[in-house]
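Please see the structure below; I have some questions.
The values are calculated or read from the model by the stated rules, or taken from the named source; none is laboratory data. Predicted model, so just to flag it, every value in this text is computed and none were measured. Note that we place each Cβ from the backbone using ideal geometry, even for glycine, and neighbour counts take in every protein chain shown. To get the accessible areas, we keep the full protein, side chains included, count just its heavy atoms, and leave off ligands, DNA and RNA. Shrake-Rupley method; radii C 1.70, N 1.55, O 1.52, S 1.80 Å.
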Amino acid sequence: MDTVSVTEGITYGFRIMIYYVAVVVVGQVVAAVGGGMVAAATETGLRQGPNWGLALFGLLVALLGAVVVLAGIFGATYKLIGDAVAKGRTMSPAASE
């Protein structure tokens, strides 16, 4: 059975790493915007009540960011396993028969 070359492994590693970084950065930016909305809505001045509508909307935006991060990580893990299985099948001696 053949093995994966070092350059092929490094190339694949960089591709998946770029995907992870992009998903995490986008998701965390969305979550931070939501958190900022919640903070802005709950910081009140003298005799001023919190803006519960903005706080709820900010919470939903923050949850959306967290879901984006989790979905991206699960999707990348699924792709990694699928790519490994496909590579193993094409490299196995039974595939060449």
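Return the residues of region 23-53 that are open to solvent by less than 50 Å² (accessible area, probe 1.4 Å) and closer than 15 Å to Gly75 by Cα; say none if nothing qualifies.
Within region 23-53, Val23, Gly27 meet the criteria.
Quick one: would you say Leu59 is assigned to a loop (DSSP other than H, G, I, E, B) and either of a type in the set (A, V, I, L, M, F, W, C) or surrounded by 15 or more Cβ atoms within 10 Å (Cβ to Cβ) (or both)?
Values: assigned to a loop (DSSP other than H, G, I, E, B): no; either of a type in the set (A, V, I, L, M, F, W, C) or surrounded by 15 or more Cβ atoms within 10 Å (Cβ to Cβ) (or both): yes.
So Leu59 does not fit the description; no.
Let me ask something additional. Could you check Leu70 against (1) open to solvent by less than 80 Å² (accessible area, probe 1.4 Å); (2) under 24 Å from the mean Cα position of the chain (by Cα); (3) within 22 Å of Tyr12 (Cα to Cα) and say which number it fails?
Checking Leu70 against (1) open to solvent by less than 80 Å² (accessible area, probe 1.4 Å); (2) under 24 Å from the mean Cα position of the chain (by Cα); (3) within 22 Å of Tyr12 (Cα to Cα), the one that fails is (1).
Looking at (1) outside any helix (DSSP H, G or I); (2) open to solvent by less than 80 Å² (accessible area, probe 1.4 Å); (3) not aromatic (Phe, Trp, Tyr), which is the one condition that is false for Thr3?
In the conditions (1) outside any helix (DSSP H, G or I); (2) open to solvent by less than 80 Å² (accessible area, probe 1.4 Å); (3) not aromatic (Phe, Trp, Tyr), Thr3 misses (2) alone.
A further question follows. I want to confirm something. Restricting to region 73-97 and keeping residues that are of a type in the set (D, E, K, R) and over 27 Å from Ala22 (Cα atoms), which single residue is nearest to the chain's Cα centre (by Cα)? Don't jump to the end; show me each part of the working.
Start the filter on region 73-97 by keeping residues that are of a type in the set (D, E, K, R), which leaves 79, 83, 87, 89, 97.
Subsequent filtering for residues that are over 27 Å from Ala22 (Cα atoms) retains 89, 97.
Values: Arg89: 28, Glu97: 39 Å.
Here the answer is Arg89.
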